[in-house]
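Engineer: I'd like to ask you about the structure that follows.
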Amino acid sequence: MKYDIVIIGGGPAGLAAAVSSKENKTDNILIIERSDSLGGILNQCIHNGFGLHTFKEELTGPEYAARYIQQVQELKIPYLLNTMVIDVKFHSITYINKTEGMVTIEAKAIILAMGCRERPRGALNIPGYRPSGIFPAGTAQRLMNIEGHKVGKKVVILGSGDIGLIMARRLTLEGAKVEVVAELMPFSGGLKRNIVQCLDDFNIPLKLSHTVIDIEGKDRVTGIVLAKVGPDRRPIAGTEVHYECDTLLLSVGLLPENELSRKADVEISPITNGPVVDDELQTSTEGIFACGNVLHVHDLVDYVSEEAALAGKEASEYVKRGEIKRNTIKINAENGVRYTVPQRVDPKSMSDLLTVRFRVANVYTGRYICVYFDNTLIKKTKKKVLAPGEMEKVILKKEELAKYPTITSITIKTEEE
Amino acid sequence: MAYDVIIIGGGVTGCAIARSLSKYNLSVVLLEKNEDVCSETSKANSGIVHSGYDPEPGTLMAKLNVKGGAMIEQLSKELDFDYIKNGSMIISFDKNDAPQLKELYDRGVANGVEQMEILSGDEARAIEPNLTDEVQGALLCKTGGIVDPFNLTYALAENAYINGVEFIFNCPVTSINKRNNLYEIKCNDKKTYRTKYVVNAAGVYSDVIHNMVSKKKLHITPKRGNYILFDNEVENFVTHTIFQLPTKLGKGILVTPTAHGNLLIGPTSISQEDKEDTSTNLNDLDTVTNQAARSVKNIPFRKVITSFSGIRAAEDGGDFILGEASDAENFFDAAGIKSPGLSCSPATGEYIADLIVKKAGANKKDDFIATRKATIRTKGMNQAEYTTLIKKDPTYGTIVCRCEQVSEGEIIDAINRPLGAKSLDGIKRRVRAGMGRCQAGFCTARTLEILCKQTGMEMSEVCKNNKGSEVLMGDDE
């Protein structure tokens with residue numbers, strides 16, 4: 001089979017990319033989803049707070065997904081469910097499912113929208129036993145919200161990423177006792193609103209600069225030991241506190257799922273763990289685009305949808321025009337700015353406006369976000385608070401860039417007074 | 001009714017003995033205290049098939065090591081498990097250590113180890129570019145190998161089982177008494193098992209079992225070793241198994257590829273009295289990290305996926321205890337099996353089985369089935385193979401574990417095959433679902449479902465391994 005655009009993943013990014021591809025007049029599209037329904041991780045996010053930017057109303061995860069699924073169905077975009085893509089190459093995709101076996105299809109453009117996975121306990125090298133009762137927060141979320149199971153009664157959560165915070169509230173509402181949320185860093189990686197609504201409102205303590213240094217229980221978790229960490233993030237002797245619990249939830253980071261990107265020889269950023277992309281969201285492999293959490297971990301699904309719509313539009317343009325030589329320049333992330341997406345831009349063929357998203361490395365108060373074209377300061381915006389948990393953005397204007405025809409790079413950084 | 005032989009312990013040694021005995025007309029039962037075979041020392045070790053330069057020449061250990069290593073290579077074809085003869089390298093950090101490398105070489109020659117070579121530091125680095133500049137010399141042993149320790153054990157057990165050996169699980173032995181020339185073994189399942197011959201392959205508990213019948217007491221000091229495992233993305237970081245020159249404390253921290261393409265570093269060696277403590281701790285993990293970094297450079301620590309610890313059954317006398325107990329007739333020990341116990345296992349199995357067969361005067365079976373097929377692996381299949389497979393059984397078309405590409409069909413096979421998996425760990429060790437970089441975060445929910453559907457278990461009954469390790473909480477009592 002031959003397609004114009006094949007989208008890998010039917011979660012929020014894949015759905016929005018498909019809708020946008022179709023709206024941009026590409027007809028021959030296919031979405032490939034490995035689960036038994038479209039919607040991705042949104043299906044298990046039964047809390048509200050989605051869609052404030054996109055739909056100007058507060059939706060639950062499944063409701064947000066349903067809006068896009070409905071559009072996909074109305075636009076008659078075909079999709080495969082229960083189908084796992086196992087290989088991606090330049091213009092070709094190999095997938096497996098129960099009915100067709102292993103199939104290789106061709107695509108003029110491919111949009112990577114595989115999302116991300118949770119970092120496991122092992123990645124942190126938390127010492128102790130390896131009993132049952134240790135769950136990545138998202139796995140616990142799925143077991144509770146989709147399958148309807150009870151994962152624990154007395155719970156400690158390590159990591160204050162958004163899923164961990166949401167699960168602290170969810171477990172409490174389900175009758176479990178969440179003893180504490182511990183965070184290795186001196187700041188939370190989650191959204192401020194989640195700390196307030198999920199912890200503060202339920203009197204769940206958040207211990208910053210703390211980590212789990214021992215897991216007890218040979219069969220099921222019976223307790224954990226928490227300790228304060230120093231600036232080197234190593235535990236400080238004498239600060240150990242024991243917690244009795246039957247469950248340890250981990251919300252210690254998300255990893256963009258890039259097995260397929262690597263197979264397609266797409267360049268991966270060591271900071272985002274996602275593909276390096278240009279202003280069209282095209283990766284280093286021609287005709288392969290990326291959006292959503294496979295590209296970089298987002299804080300709000302609304303931004304995923306917005307980014308995916310851009311990927312869909314640009315993939316459509318690519319299908320219509322074919323490859324053209326683009327002269328991109330680098331967007332540097334410096335001084336407190338950890339990364340940017342996109343990492344490159346072509347000032348000549350870019351859209352009139354380009355949203356560059358980024359995250360900062362630490363909590364900063366009263367800093368400026370500065371944009372430089374080479375060494376010339378172009379824009380300086382004061383921010384009351386900057387936090388790693390919240391994505392930031394700057395908008396680059398084509399007309400502004402056009403004033404600097406010899407520009408070699410753009411730099412985004414934070415600056416103090 | 002009495003059995004001819006009861007084997008206590010379903011680790012790799014017990015299962016190898018079971019398989020060797022299953023070639024004969026003997027009634028054999030294996031008692032295992034856990035819910036599955038391969039649940040203790042055999043599941044948490046380096047997975048190395050040692051070439052045999054290390055044991056003292058002339059000892060039984062040396063003989064069994066060299067023979068066992070060769071047998072594992074042969075068995076990997078007959079019983080279909082992963083084995084790679086990747087070769088090993090023993091490195092030294094000091095020019096003055098040259099005599100010790102030579103001594104190991106000579107010991108290897110005396111033990112009958114072939115294809116050894118002494119290399120300079122630069123020669124070693126030419127073969128293994130990630131060795132540190134500190135490396136001054138190396139002994140290269142091309143016959144060293146790596147094996148999937150889980151499926152080696154499962155293969156031996158399954159093959160023993162289809163050849164008539166009975167396996168009883170969740171059955172820790174509580175007492176052994178002799179009455180009328182028969183041993184009476186009581187387990188905490190309240191049953192009494194009677195047998196002519198007993199084999200003690202109880203690993204870290206082999207002293208306890210031995211001491212139930214013998215006045216010549218054994219004492220095992222379990223030695224705990226911490227390991228760190230890396231994502232198979234770092235495949236080929238090293239191709240050989242890299243040992244440091246052994247010290248009195250053991251073989252030291254090694255750096256090795258696994259039979260599945262992961263990178264493994266460890267183990268430490270901490271003596272303890274507790275036979276159950278398999279926890280890891282920060283100091284140990286730091287030791288592993290620092291020692292491994294002495295051997296190889298640029299270890300990709302961002303790619304760690306898990307750490308674990310295993311305990312080795314080191315008897316205080318320092319050697320394996322193999323053979324009939326001197327004051328307990330018909331009671332055979334395979335006790336104190338530490339490294340290189342995995343490498344020796346098939347030879348140990350044969351050695352113990354021979355002793356019993358001779359005493360019992362048993363005859364060989366005519367209908368012994370010598371081969372066993374592993375589960376079908378979908379990973380790496382080509383299009384034609386895959387499509388044919390899915391026509392036959394569509395469950396192979398649903399991928400459950402993304403990291404290791406394991407299909408529903410493979411998990412069903414792991415559950416339904418002889419001595420199949422009953423727990424999440426049992427599935428993981430057999431077919432690798434949950435063994436990859438997300439450590440079962442993605443597949444747990446699906447695997448639970450499949451296990452329940454295939455076995456009729458309730459969700460709340462499913463365990464990670466033994467009873468007490470239920471994954472989910474039942475409704476409130």
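Engineer: Can you pull out the residues in the stretch A:87-116 that are facing another protein chain (nearest Cβ under 10 Å) and surrounded by fewer than 20 Cβ atoms within 10 Å (Cβ to Cβ)?
Structural biologist: If the condition is that a residue be facing another protein chain (nearest Cβ under 10 Å) and surrounded by fewer than 20 Cβ atoms within 10 Å (Cβ to Cβ), then A:Thr94, A:Lys98, A:Thr99, A:Glu100, A:Val103, A:Thr104 are the ones that fit.
Engineer: For B:Thr387, are the conditions met, namely being surrounded by fewer than 21 Cβ atoms within 10 Å (Cβ to Cβ), among the polar types (S, T, N, Q) and either out of contact with any Gly (no Cβ under 7 Å at 6 or more places or on another chain) or not assigned by TED's automatic domain parsing to the domain that holds B:Leu30 (or both)?
Structural biologist: Values: surrounded by fewer than 21 Cβ atoms within 10 Å (Cβ to Cβ): yes; among the polar types (S, T, N, Q): yes; either out of contact with any Gly (no Cβ under 7 Å at 6 or more places or on another chain) or not assigned by TED's automatic domain parsing to the domain that holds B:Leu30 (or both): yes.
So B:Thr387 fits the description; yes.
Engineer: Given the residues A:Gly128, A:Gly175, A:Gly133, which is the only one that is farther than 23 Å from B:Glu408 by Cα, free of Cβ contacts under 8 Å to residues at least 60 places away in the same chain, within 11 Å of chain B (Cβ to nearest Cβ) and not hydrophobic (A, V, I, L, M, F, W, C)?
Structural biologist: Of A:Gly128, A:Gly175, A:Gly133, the one residue that is farther than 23 Å from B:Glu408 by Cα, free of Cβ contacts under 8 Å to residues at least 60 places away in the same chain, within 11 Å of chain B (Cβ to nearest Cβ) and not hydrophobic (A, V, I, L, M, F, W, C) is A:Gly175.
Engineer: I've got another one for you. Which one of these does A:Gly230 not meet: (1) more than 12 Å from chain B (Cβ to nearest Cβ); (2) crowded, with 19+ Cβ neighbours inside 10 Å?
Structural biologist: (2)
Rundown of residues vs (1) out of contact with any strand residue (DSSP E or B) (no Cβ under 9 Å at 6 or more places or on another chain); (2) farther than 12 Å from B:Ser22 by Cα, yes/no style:
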{"position": "B:Ile337", "(1), (2)": "no, yes"}
{"position": "B:Gly349", "(1), (2)": "no, no"}
{"position": "B:Lys358", "(1), (2)": "yes, yes"}
{"position": "B:Asp366", "(1), (2)": "yes, no"}
{"position": "B:Arg372", "(1), (2)": "yes, yes"}
{"position": "B:Ile376", "(1), (2)": "no, yes"}
{"position": "B:Met381", "(1), (2)": "no, yes"}
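Engineer: Is the stretch B:414-432 home to any residue that is more than 11 Å from chain A (Cβ to nearest Cβ), part of a helix (DSSP H, G or I) and more than 21 Å from the chain's Cα centre (by Cα)?
Structural biologist: Scanning the stretch B:414-432 turns up at least one residue that is more than 11 Å from chain A (Cβ to nearest Cβ), part of a helix (DSSP H, G or I) and more than 21 Å from the chain's Cα centre (by Cα).
Engineer: So in the stretch A:291-322, with the set limited to residues that are of a type in the set (Asp, Glu) and over 18 Å from the mean Cα position of the chain (by Cα), which one is surrounded by the fewest Cβ atoms within 10 Å (Cβ to Cβ)?
Structural biologist: Filtering the stretch A:291-322 for residues of a type in the set (Asp, Glu) gives A:299, A:302, A:306-307, A:314, A:317.
From what is left, the residues that are over 18 Å from the mean Cα position of the chain (by Cα) are A:314, A:317.
Numbers: A:Glu314: 25, A:Glu317: 17.
Among residues in the stretch A:291-322 that are of a type in the set (Asp, Glu) and over 18 Å from the mean Cα position of the chain (by Cα), the one surrounded by the fewest Cβ atoms within 10 Å (Cβ to Cβ) is A:Glu317.
Engineer: Please state which one of B:Ser279, B:Ser295, B:Ser339, B:Ser343 is farther than 28 Å from B:Thr195 by Cα, within 14 Å of chain A (Cβ to nearest Cβ) and out of contact with any Pro (no Cβ under 6 Å at 6 or more places or on another chain).
Structural biologist: One residue alone meets the criteria, B:Ser279.
Engineer: Same structure, new question: Would you check which residues across the stretch B:6-38 are out of contact with any helix residue (DSSP H, G or I) (no Cβ under 6 Å at 6 or more places or on another chain) and of a type in the set (Val, Ile, Thr) and list them?
Structural biologist: First pass over the stretch B:6-38, keeping only residues out of contact with any helix residue (DSSP H, G or I) (no Cβ under 6 Å at 6 or more places or on another chain): B:6, B:10, B:14, B:23, B:25-27, B:29, B:31-35.
Matches in the stretch B:6-38: B:Ile6, B:Val29.
Engineer: Being at pLDDT 95 or above, farther than 30 Å from B:Val12 by Cα and in contact with a Ser or Thr (Cβ under 9 Å, 6 or more places away or on another chain) narrows it down to one residue among B:Gly108, B:Gly121, B:Gly68, B:Gly87; which is it?
Structural biologist: B:Gly121
Engineer: Looking at the stretch A:204-226 only, could you name the residues that are of a type in the set (Gly, Ala, Ser) and farther than 16 Å from A:Phe187 by Cα?
Structural biologist: A:Gly217, A:Gly223
Engineer: Which condition does A:Ile195 not pass, out of (1) away from chain B (no Cβ under 12 Å); (2) at pLDDT below 95, if it passes all the others?
Structural biologist: Against the list (1) away from chain B (no Cβ under 12 Å); (2) at pLDDT below 95, A:Ile195 comes up short only on (2).
Engineer: Another question about this same structure. Determine, yes or no, whether A:Leu52 is hydrophobic (A, V, I, L, M, F, W, C), part of a loop (DSSP other than H, G, I, E, B) and either outside the structural domain of A:Met1 (by TED's automatic domain parsing) or modelled with pLDDT under 95 (or both).
Structural biologist: yes
Engineer: Counting only residues that are touching a strand residue (DSSP E or B) at 6+ places or on another chain (Cβ under 9 Å) and part of a helix (DSSP H, G or I), which one in the stretch B:396-413 is farthest from the other protein chains (Cβ to nearest Cβ)?
Structural biologist: In this case the residue turns out to be B:Ile411.
Engineer: Write out, first by first residue and then by second, each pair whose Cβ atoms fall under 6 Å of each other, whose residues are 6+ apart or on separate chains, and whose first residue, in the stretch B:202-220, is without any contact (Cβ under 8 Å) to a residue 40 or more places away in the chain and not assigned by TED's automatic domain parsing to the domain that holds B:Ser326 while the second is surrounded by fewer than 21 Cβ atoms within 10 Å (Cβ to Cβ) and not in a helix (DSSP H, G or I).
Structural biologist: none
Engineer: Sticking with this one: Picking from A:Gly287, A:Gly274, which residue would you name as being farther than 30 Å from A:Ser132 by Cβ and in contact with a Pro (Cβ under 8 Å, 6 or more places away or on another chain)? Reasoning before the result, please.
Structural biologist: On the way: A:Gly287 fails: in contact with a Pro (Cβ under 8 Å, 6 or more places away or on another chain).
It is A:Gly274.
Engineer: Looking at the stretch B:440-477, which of its residues are at pLDDT 90 or above, assigned to a loop (DSSP other than H, G, I, E, B) and at the interface with chain A (Cβ under 7 Å from one of its Cβ atoms)?
Structural biologist: Matches in the stretch B:440-477: B:Lys464, B:Asn466, B:Gly468, B:Ser469, B:Val471, B:Leu472.
Engineer: Of B:Leu60, B:Leu64, B:Leu31, B:Leu21, which residue is surrounded by 23 or more Cβ atoms within 10 Å (Cβ to Cβ) and within 23 Å of B:Glu114 (Cα to Cα)?
Structural biologist: Only one candidate passes the filter, namely B:Leu64.
Engineer: A further question on this structure: Out of curiosity, is A:Ser35 of a type in the set (Ser, Thr, Tyr) and surrounded by fewer than 20 Cβ atoms within 10 Å (Cβ to Cβ)?
Structural biologist: yes
Engineer: Does B:Gly121 satisfy being in contact with a Leu (Cβ under 6 Å, 6 or more places away or on another chain), farther than 30 Å from B:Ala414 by Cβ and of a type outside the set (A, V, I, L, M, F, W, C)?
Structural biologist: So B:Gly121 does not fit the description; no.
Engineer: For residues that are β-branched (Val, Ile, Thr) and without any contact (Cβ under 8 Å) to a residue 60 or more places away in the chain, tally how many sit in the stretch A:319-356. So that I can check it myself, show each step before the final result.
Structural biologist: First, pick out the residues of the stretch A:319-356 that are β-branched (Val, Ile, Thr): A:319, A:324, A:328-329, A:331, A:337, A:340-341, A:345, A:355-356.
When the remaining residues are screened for being without any contact (Cβ under 8 Å) to a residue 60 or more places away in the chain, the result is A:324, A:328, A:355-356.
Summing the residues that are β-branched (Val, Ile, Thr) and without any contact (Cβ under 8 Å) to a residue 60 or more places away in the chain in the stretch A:319-356 gives 4.
Engineer: Given the structure, is A:Tyr368 under 27 Å from A:Phe187 (Cα atoms), among the hydroxyl-bearing types (Ser, Thr, Tyr), in contact with a Leu (Cβ under 9 Å, 6 or more places away or on another chain) and not assigned by TED's automatic domain parsing to the domain that holds A:Val301?
Structural biologist: Here the answer is no, as A:Tyr368 does not meet what is asked.
Engineer: Continuing with the same structure: Do any residues in the stretch B:410-439 that are more than 18 Å from B:Lys43 (Cα to Cα) have Cβ atoms under 6 Å from those of residues that are among the aromatic types (Phe, Trp, Tyr) and not in a loop (DSSP other than H, G, I, E, B), where the two are at least six apart or on different chains, and which pairs are they?
Structural biologist: From the stretch B:410-439, the pairs are B:Pro418/B:Tyr161.
Engineer: Now for a separate question. Tell me, yes or no, whether the stretch A:7-20 has at least one residue that is surrounded by fewer than 17 Cβ atoms within 10 Å (Cβ to Cβ), assigned by TED's automatic domain parsing to the domain that holds A:His298 and not aliphatic (A, V, I, L, M). Steps first, please.
Structural biologist: Filtering the stretch A:7-20 down to residues surrounded by fewer than 17 Cβ atoms within 10 Å (Cβ to Cβ) leaves none.
So far as the stretch A:7-20 goes, no, none of its residues is surrounded by fewer than 17 Cβ atoms within 10 Å (Cβ to Cβ), assigned by TED's automatic domain parsing to the domain that holds A:His298 and not aliphatic (A, V, I, L, M).
Engineer: Kindly indicate the residue of the stretch A:64-83 that is within 14 Å of chain B (Cβ to nearest Cβ) and in contact with a Ser or Thr (Cβ under 8 Å, 6 or more places away or on another chain) and also farthest from B:Arg446 (Cα to Cα) among those meeting that condition.
Structural biologist: The residue in question is A:Leu81.
Engineer: Restricting to the stretch A:139-153, count the residues that are more than 7 Å from chain B (Cβ to nearest Cβ) and surrounded by 23 or more Cβ atoms within 10 Å (Cβ to Cβ).
Structural biologist: 2
Engineer: Is it fair to say A:Gly292 is in contact with a His (Cβ under 8 Å, 6 or more places away or on another chain) and more than 16 Å from A:Ser20 (Cα to Cα)?
Structural biologist: The answer is no for A:Gly292.
The values are calculated or read from the model by the stated rules, or taken from the named source; none is laboratory data. What you see is a predicted model; the values in this text were computed from it and never measured. Positions of Cβ are generated from backbone atoms using ideal geometry, with glycine treated the same way; all protein chains shown enter the neighbour counts.
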